[in-house]
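Every number here is computed from the coordinates shown, using simple stated rules; none is lab data. Computed from a predicted structure; not experimentally measured. Note that we place each Cβ from the backbone using ideal geometry, even for glycine, and neighbour counts take in every protein chain shown.
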Amino acid sequence: MTVVESCAERLIELLSVPGSKSFAISGGSSPKPLFALLARSAVDWREVRLYWVDERCVPADDDQSNYRMAREHLIEPADIPASNVHRVQTELPPEQAAEAYARQLPDRLDVIHLGMGSDAHTASLFPGDRLIEDRTRRTAATYVEKFKQWRVTLCPRVILEAGNVVVFAPGGDKADALQHVRHGEIDPLRYPAQIARLRDRVDWFTG
Ligand code: 6PG
């Protein structure tokens, strides 16, 4: 079984428990084959309320939009009801979008899919971002210098409080960061994806 198939299997298991559940997804490009497997699965999407781990502050139809990527690779193929889709309203200024998104979030997310960049960032929490040390805020707008781009992101508290966290970080370019993230000394400010290691349980799908 490939790493994407294994990750999909775990997410399908988590999303197939009876009743309504909330599911926050990450963006980028790695999730595309994962979303394709989820879309073809037997998950009853009428019971899944969809959220985002982070979003670029661009129009919803922009090719950099995480919402657009999910719409193309998951929402439309899986025919997820529009009423279940809770995107970040990037038509608002970043701070207002973050505040509005916090009001949409449930008290606790049931399932979170995290990605990880080759610099060990997760969500839109990049190395050195003081939000990494924040345990109060649930969402925030943050300017990512590396990309000269505003983002809205979940904050660590939401990741730590979630019912289940699955990290999907395939690809050779992440191998060095993964070594530090999974087995190195805990230093989330330097390796933000280590936030997941602060939980009692997290499922890692890497390699
Ligand atoms: C984003 C993502 C981000 C992503 C990493 C990894 O907005 O870019 O949410 O946190 O998970 O950048 O992206 P890839 O999986 O495409 O390498």
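For the reader, a short list of remarks on this structure follows.
- Taking amide H positions as modeled 1.01 Å from N, with prolines and chain starts lacking one, the residues under 5 Å from V144 and 5 or more places away or on another chain are Q149, W150, R151.
- Amide H partners (placed H, <5 Å) of R49, local residues excluded: K21, S22, F23
- Cross-link reach list, lysines versus K146, counting only Cα pairs under 18 Å and skipping chain neighbours closer than eight places: K174
- Karplus-derived 3J(HN,Hα), 6.51/-1.76/1.60, for each residue of segment 161-173, Hz, glycine and proline x: 8, 5, x, 9, 10, 10, 9, 10, 9, x, x, x, 6
- Computed magnitude of the charge dipole of segment 1-127 (debye, nearest 20; Cβ of K, R +1, Cβ of D, E -1): 220
- Computed from the alpha carbon atoms alone, the convex hull of segment 1-103 holds 94 Å³ per residue.
- Alpha-carbon Rg with Dmax, taken over the chain, Å: 15.6, 43
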